[in-house]
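In what follows, a structure is listed as structure tokens, so that the remarks can point back to it.
The values are calculated or read from the model by the stated rules, or taken from the named source; none is laboratory data. Note that the structure is predicted; figures quoted are calculated from it, not measured. Quick reminder, even Gly has a Cβ in these numbers, built from the backbone with ideal geometry, and neighbours come from all protein chains shown.
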There are 2 protein chains.
Amino acid sequence: MQKRILSDEINGHIGKEVLLKGWLHKKRAMGGMTFVLLRDRRGVAQILVEDKSEADKLDGLQLGTVLEITGQAVEEPRAPLKVEIHEPKLTVLLPVTEVPPIEIDKPLGHKSENLDTLFEHRVLGVRNIQERKIFKIRSELNRYIREFMKENEFVEIQTPKILAGATEGGAEVFKFDYFGKEATLAQSPQFYKQIMVGAFERVFEIGPAFRAEPSTTSRHVSEITMLDMEMGFIESHEDVLKMTEKLLYYVLTKIYEEHKEELKSWNAPELVLKPEIPRYTVKELHQMYTKTTGINTIGEKDVRPEEERWICEYSKKENGCEAVFVTEFPIESMKFYHMVNPRDPSTVLWADLLFRGLEIATCPMREHRYEKLVEQMKSAGLDPEHPGYKYYLQAFKFGLPPHGGFGFGIDRLTEKIIGLGNVKEAILFPRDMNRLTP
Amino acid sequence: MQKRILSDEINGHIGKEVLLKGWLHKKRAMGGMTFVLLRDRRGVAQILVEDKSEADKLDGLQLGTVLEITGQAVEEPRAPLKVEIHEPKLTVLLPVTEVPPIEIDKPLGHKSENLDTLFEHRVLGVRNIQERKIFKIRSELNRYIREFMKENEFVEIQTPKILAGATEGGAEVFKFDYFGKEATLAQSPQFYKQIMVGAFERVFEIGPAFRAEPSTTSRHVSEITMLDMEMGFIESHEDVLKMTEKLLYYVLTKIYEEHKEELKSWNAPELVLKPEIPRYTVKELHQMYTKTTGINTIGEKDVRPEEERWICEYSKKENGCEAVFVTEFPIESMKFYHMVNPRDPSTVLWADLLFRGLEIATCPMREHRYEKLVEQMKSAGLDPEHPGYKYYLQAFKFGLPPHGGFGFGIDRLTEKIIGLGNVKEAILFPRDMNRLTP
């Protein structure tokens, strides 16, 4: 039996007979001849069908029909890969008789008003060559992240997504019946990654996290993919920020090196990044923004989305770096497991990493001292005896070193790398308030 | 500030002052001297404390206390790493004052009657050096799998765990309220990986899957980690089996090469594996088992656990291979998306991969023809218009090539590699009917 070759291998078989398999990607009749484009996982091959009885086999068949084609590989400077298949014999492996509801052979629209149609037809949309580049890049992004984590001695962990109770705050949690008990879906692996610092010092996880946010913005979905990292024996918050910027620089420069063509086809912006990411405190940001725009944000406890966009633009121009750390968040935004800034107790050792105007990671230092942690928990109105906390606290009682880490949104990072406008475009099958399918 | 070195780096600093950080792993007084073992992520360092005022710093402190130690690195043939720290200065970074509820400095018991205690104290148990080897091996297992998948051109995907409704059968599914609609937790990425064959031909995912099985055996948990693969344009079921055995051989030989010491310390069995895995049909297995044991299983629709153990033992002895494919399952065990065996319609193109007596993967071929699939769905009493099926079927209607894949249990594979007796021992924080914490 002849071995299948892939579309980008034809060049190595000029003058020989080859066997191709794939999907009917395009069909065009021109003066008695038919040009067929066949799509496979690597690309698209051009086939010239001159024999009418062969062309007739495609009569009534639609794009997406699965074909097997044997023929002669011939040099042809005008063909996409400078090579064409002549004298083909076609076998229809699987006929498609209905017209597909979306275009498969040209880029799909990503205008915000069309997004719902895009997601509704995602099952076929992912076959679109332009569309699948997003998910190829996303796949590689994950791979580069893992390379970096391995290189820096982080152990990959897999922690439970079914939890005993709402732990990080009651709202925005999916609840369900678990053999007669109430269980919730993990909003993050926060507690588990901290616990695992006790075993490996450095751990990470890439996995799903669930947020019951009744929100339909372009930044929120109810199922996200998170990269979570945690590292122990840090000297200070600085170590966390250093590791974060090293990761970002490694991963982004690699993506831009390895996926030039795909990024270009998406009109992705040029990468403007430095190994050291500029830092601004929340206070500084409010002051700079207020001074420049005249809109007064001084004293605000959070950073406005328009400030996030502004500071990234600013830093791109002034520092040659479109990523920015915003540091020293006001104490009001603190979670009980964060560490208060010892130099300024009105702030917390928490930084946000912004990239191209969007928060893509939060990078806090944790409170690792048992008594202090219990105290902070009580101040936040939480019960240290709750089963969701009891085990967590055990890790501290029996010795956890100073540590910190980050939560990185893989969806948002993919969105921003490619220059998409909505986080859902970077997710294969997004979930939000209104969308639970496909 | 002096830079921390790790326990296995001391050898490179003989005669110099070093800074170590870690956990108090053991403390032993001997004739006026105190030996301290300090644990870090790489191993354990031995420190000789002769100065009483330094030793006194540890008075009343328990194992797990977080320490910083500076001292002279000195050659010492009797010490574990042939090196010892002399004239140390100790700093207590974080005191532990309560006696830990489990042993951290010696291997924990893994007897079946102690397992509940093991999981109850897992937060501290993972710090145990012997215990953490399990999860280091598991982490590396994932890495080798990804290496193999990349090498074979599989694209990693991340598919939703929140689904619109029970799809693969109604029972054993966790259900919850999703903004007023009923949602379920994914039992597997089955439909999505098949859908994604339409985009990439070859895809895989490593992620959680949820099974509401009211079962407390040593083989079942309600949250598992699955490696799911799917490949398109296969010639026959054979291609799926070939890819499965290639993966198993690659990953296992690599694990056994790279983790000799850890596996030895767990008394893991020697690996007895061949690149080509022996195959037996269900019928053959029943006949062989019946003939040998006198227990009549002929005609049974499923394979008994004791048959699984027997055939692996048999194959280990007779074929030099402790992995086995059991093929051609009776049609009764078929799911609607499986392909009926064209050579024998009383069986289905489904193989189980057994390793060391346990099913660790199922490797079926799928029915890819739309009309046939709808027909099989209806025969199974399912409604093709259900939102859980509607989108799935779209992928077939608009052209999916012949395909097949596998679902590999990462937990079970880890269990069997190390030679543990219960799948839960291979999971960081296992979930079953009775256990929802830690």
Check on A:G381, in contact (Cβ under 8 Å) with a residue 12 or more places away in the chain and either part of a loop (DSSP other than H, G, I, E, B) or out of contact with any Gly (no Cβ under 9 Å at 6 or more places or on another chain) (or both)
no
Within region A:396-417, does at least one residue satisfy the condition of being among the acidic types (D, E) and at pLDDT 95 or above?
yes
Take region A:362-383 and flag every residue that is touching an Asp or Glu at 6+ places or on another chain (Cβ under 7 Å) and either over 30 Å from A:G419 (Cα atoms) or buried (at least 23 other Cβ atoms within 10 Å of the Cβ) (or both).
A:L373, A:Q376
I'd like the full set of residues that are closer than 23 Å to B:L400 by Cα and out of contact with any strand residue (DSSP E or B) (no Cβ under 8 Å at 6 or more places or on another chain), limited to region A:48-93.
A:D56, A:D59, A:G60
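Residues of region A:188-226 being β-branched (V, I, T) and within 20 Å of B:I206 (Cα to Cα), which ones?
A:V203, A:I206, A:I224, A:T225
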Which residue out of B:L271, B:L285 is under 30 Å from B:I129 (Cα atoms) and hydrophobic (A, V, I, L, M, F, W, C)?
B:L271
Please specify each residue of region A:332-346 satisfying the condition of being buried (at least 19 other Cβ atoms within 10 Å of the Cβ) and under 26 Å from A:L413 (Cβ atoms).
A:M334, A:Y337, A:H338, A:M339
Could you list, in sequence order, the residues of region A:305-331 that are β-branched (V, I, T) and either surrounded by 17 or more Cβ atoms within 10 Å (Cβ to Cβ) or touching a Lys or Arg at 6+ places or on another chain (Cβ under 8 Å) (or both)?
A:I311, A:V324, A:V326, A:T327
Condition met for A:I129 (assigned by TED's automatic domain parsing to the domain that holds A:L413 and either within 30 Å of B:T225 (Cα to Cα) or small (G, A, S) (or both))
no
What is the residue count in region B:115-137 for residues that are part of a helix (DSSP H, G or I), touching a residue at least 60 places away in the same chain (Cβ under 8 Å) and either of a type in the set (V, I, T) or within 23 Å of B:Q190 (Cα to Cα) (or both)?
4
A careful count of residues in region B:93-112 that are among the aliphatic types (A, V, I, L, M), more than 8 Å from chain A (Cβ to nearest Cβ) and over 10 Å from B:G64 (Cβ atoms) gives 2
I'd like the full set of residues that are among the charged types (D, E, K, R) and over 28 Å from the mean Cα position of the chain (by Cα), limited to region A:322-357.
A:E332, A:R343, A:D344
Return yes when A:R138 is facing chain B (nearest Cβ under 8 Å) and within 16 Å of A:D411 (Cα to Cα) and no when it is not.
yes
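This table checks each residue for (1) of a type outside the set (G, A, S); (2) modelled with pLDDT of 95 or more; (3) in contact with a helix residue (DSSP H, G or I) (Cβ under 6 Å, 6 or more places away or on another chain); (4) under 30 Å from A:K264 (Cα atoms).
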residue	(1), (2), (3), (4)
A:V123	yes, yes, yes, yes
A:V126	yes, yes, yes, yes
A:K136	yes, yes, no, yes
A:N142	yes, yes, no, yes
A:V173	yes, no, no, no
Where B:H286 falls short, out of the listed (1) out of contact with any strand residue (DSSP E or B) (no Cβ under 7 Å at 6 or more places or on another chain); (2) more than 25 Å from B:D239 (Cβ to Cβ); (3) surrounded by fewer than 18 Cβ atoms within 10 Å (Cβ to Cβ):
(3)
So which residues in region B:168-191 are within 7 Å of another protein chain (Cβ to nearest Cβ) and either not basic (K, R) or not in a strand (DSSP E or B) (or both), if there are any at all?
B:F174, B:F176, B:Y178, B:F179, B:A183
Condition check: within 14 Å of chain B (Cβ to nearest Cβ) and in contact with a Leu (Cβ under 6 Å, 6 or more places away or on another chain). Does A:D8 satisfy that?
no
If I go through region B:39-89 residue by residue, how many of them are farther than 28 Å from B:E131 by Cβ and β-branched (V, I, T)?
2
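Go through region A:251-278 and give me each residue that's without any contact (Cβ under 8 Å) to a residue 60 or more places away in the chain, of a type outside the set (A, V, I, L, M) and over 25 Å from A:K111 (Cβ atoms). I'd like the intermediate steps shown before the answer.
Initial filter on region A:251-278 (without any contact (Cβ under 8 Å) to a residue 60 or more places away in the chain): A:253, A:256-257, A:260-261, A:264, A:270-276, A:278.
Restricting the remaining residues to those that are of a type outside the set (A, V, I, L, M) gives A:253, A:256-257, A:260-261, A:264, A:270, A:274-276, A:278.
Within region A:251-278, A:T253, A:Y256, A:E257, A:K260, A:K274, A:P275, A:E276, A:P278 qualify.
Would region B:59-79 turn up any residue that is surrounded by 14 or more Cβ atoms within 10 Å (Cβ to Cβ), over 15 Å from B:D40 (Cα atoms) and within 13 Å of chain A (Cβ to nearest Cβ)?
yes
Restricting region B:28-39 to residues that are surrounded by fewer than 22 Cβ atoms within 10 Å (Cβ to Cβ) and touching a helix residue (DSSP H, G or I) at 6+ places or on another chain (Cβ under 9 Å), which is farthest from the other protein chains (Cβ to nearest Cβ)?
Going through the qualifying residues, I end up with B:G32.
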Select from region B:326-374 the residues that are assigned to a loop (DSSP other than H, G, I, E, B) and among the small types (G, A, S) and write down the one among them that is nearest to B:F398 (Cα to Cα).
B:S346
Odd one out for A:I427, checked against (1) β-branched (V, I, T); (2) more than 11 Å from every other protein chain (Cβ to nearest Cβ); (3) farther than 27 Å from B:L67 by Cβ:
(2)
Given the residues A:V221, A:V197, A:V203, which is the only one that is surrounded by 15 or more Cβ atoms within 10 Å (Cβ to Cβ), on the phi < 0 side of the Ramachandran plot, part of a helix (DSSP H, G or I) and in the same structural domain as A:S315 (by TED's automatic domain parsing)?
A:V197
Residues being outside any loop (DSSP other than H, G, I, E, B) and under 17 Å from A:E201 (Cα atoms): count how many of those fall in region B:1-24.
10
Checked region A:224-242 for anything more than 13 Å from A:I410 (Cα to Cα) and part of a strand (DSSP E or B); matches are A:E230, A:M231, A:G232
Checking the structure you have, find out if any residue of region B:190-209 is over 30 Å from A:K133 (Cβ atoms) and touching a residue at least 12 places away in the same chain (Cβ under 8 Å).
no
Flagged in region A:94-114 as surrounded by fewer than 17 Cβ atoms within 10 Å (Cβ to Cβ) and outside any loop (DSSP other than H, G, I, E, B), in numbering order, are A:S112, A:E113, A:N114
Residue under question is A:P384, and the condition is that it be in the same structural domain as A:I234 (by TED's automatic domain parsing) and within 33 Å of the chain's Cα centre (by Cα); does it hold?
no
